[in-house]
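K.L.:
Here it is, the structure in full.
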Ligand SMILES: [Cu+2]
């Protein structure tokens with residue numbers, strides 16, 4: 001009985017701990033049939049200096065943190081180990097910049113689908129917290145990037 005009460009308390013405490021990083025306007029780029037990868041984008045603001053160190057999703061076999069940069073006039077992207085989240089500063093994950101890359105998708109991501117994405121954020125004290133999101137899929141089109149690049 002004691003154990004159950006303890007778990008319940010932990011569950012109650014969780015939302016407070018998660019308030020460390022706020023997530024605004026998350027979205028995933030919808031895919032066309034046969035497309036095997038896409039990007040997830042959002043705005044992250046941390047209360048204290050921290051770092052996004054990992055992303056997971058049950059909708060893709062592989063999830064990576066990516067950065068797109070211009071190299072010799074060509075947009076290239078690479079996997080990064082983490083994305084710094086300075087205290088109080090909004091960090092944009094957007095097409096053409098940082099993004100969460102969903103690779104080897106289990107199925108097509110259609111407009112309106114809700115895609116589960118888990119973010120793992122590490123504080124300066126090396127403590128990690130996870131943020132569970134349900135991210136809506138938006139259609140293709142608009143600015144290039146995100147899902148456009150090849151892997
Ligand atoms: Cu990418």
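Bear in mind these aren't lab numbers, they're just calculated from the coordinates by the rules spelled out. Quick caveat: nothing in here was measured; it's all calculated off a predicted structure. A quick note on method: Cβ atoms are made from the backbone with ideal geometry, for glycine too, and the neighbour counts reach across all protein chains shown.
K.L.:
In which sequence would 132, 64 go, from the one with the fewest C-beta neighbours within 10 Å to the one with the most?
P.N.:
Ordered from fewest to most neighbouring Cβ atoms within 10 Å, 132, 64 come out as 132, 64.
K.L.:
Give me the one-decimal nm value for the distance between modelled label points at residue 74 and residue 43, 7 Å along each residue's Cα-to-Cβ direction.
P.N.:
Modelled inter-label distance: 3.4 nm.
K.L.:
Of 125, 84, 113, how do they rank once you tally other Cβ atoms within 10 Å and put the fewest first?
P.N.:
In order of increasing Cβ crowding within 10 Å: 125, 84, 113.
K.L.:
Still on this structure, I have one more. Mind sorting 70, 42, 101 by how few other Cβ atoms lie within 10 Å of their own Cβ, fewest first?
P.N.:
70, 42, 101
K.L.:
Compute from the Cα atoms of region 60-136 the Rg and the Dmax, the latter being the longest Cα-Cα distance, and quote both in angstrom.
P.N.:
Gyration radius and largest Cα-Cα distance of region 60-136: 14.2, 39 Å.
K.L.:
On a full-extension model of 0.36 nm per residue, what is the gain between residue 81 and residue 129, subtracting their alpha-carbon distance, rounded to one decimal in nm?
P.N.:
Extra length from residue 81 to residue 129 when fully extended: 15.6 nm.
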